[in-house]
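Written out below as structure tokens is the structure these notes cover.
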Amino acid sequence: MAQPAHNSTSNTDRLEARISADKKYILKSAADLSDQTLTDFVINSAYEAAVRLIEDYQQLRLSMQDRDVFIQALLNPPSPSKQLLKAAKKYKKDVISK
């Protein structure tokens, strides 16, 4: 999960926004349904959405890196280790030759 830049428990920063009456009505209705103030609902909802977005981005970025590593392994496979060669030889002897 994304972490805040600093651990401050006091709410001193300010955030302001102008919205249409329709959007305010919807947000106020949702806040009432969730038993929160409008401010708490907006802040909590925006924060949760931001955390989800950051986590999704980080997961996608890691997935793309994994994809690149996988493709490179396919295009440039490493040489087989001695243990792998030994296991393949044993497999051919025990399984394929029967």
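The table below gives the values:
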read-out: Hits in the stretch 9-28 - residues which are loosely packed, with under 10 Cβ neighbours inside 10 Å and not charged (D, E, K, R); value: Thr9, Ser10, Asn11, Thr12, Leu15, Ala17, Ser20, Ala21
read-out: Test: residue in the stretch 59-74 that is within 21 Å of the chain's Cα centre (by Cα), within 30 Å of Asp13 (Cα to Cα) and surrounded by 11 or more Cβ atoms within 10 Å (Cβ to Cβ); value: no
read-out: The one condition in (1) exposed (fewer than 11 other Cβ atoms within 10 Å of the Cβ); (2) touching a helix residue (DSSP H, G or I) at 6+ places or on another chain (Cβ under 6 Å) that Ala31 fails to fulfil; value: (1)
read-out: Where a residue in the stretch 77-98 is surrounded by 10 or more Cβ atoms within 10 Å (Cβ to Cβ) and its partner, wherever it lies, is assigned to a helix (DSSP H, G or I), with Cβ under 8 Å and at least six apart; value: Pro80/Ala88
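Values quoted throughout were computed directly from the atomic coordinates according to the rules given, and no laboratory measurement underlies them. It should be emphasised that the depicted structure is a prediction, and the values quoted were computed from it without experimental measurement. All Cβ positions, glycine included, derive from the backbone under ideal geometry; neighbour counts span all protein chains shown.
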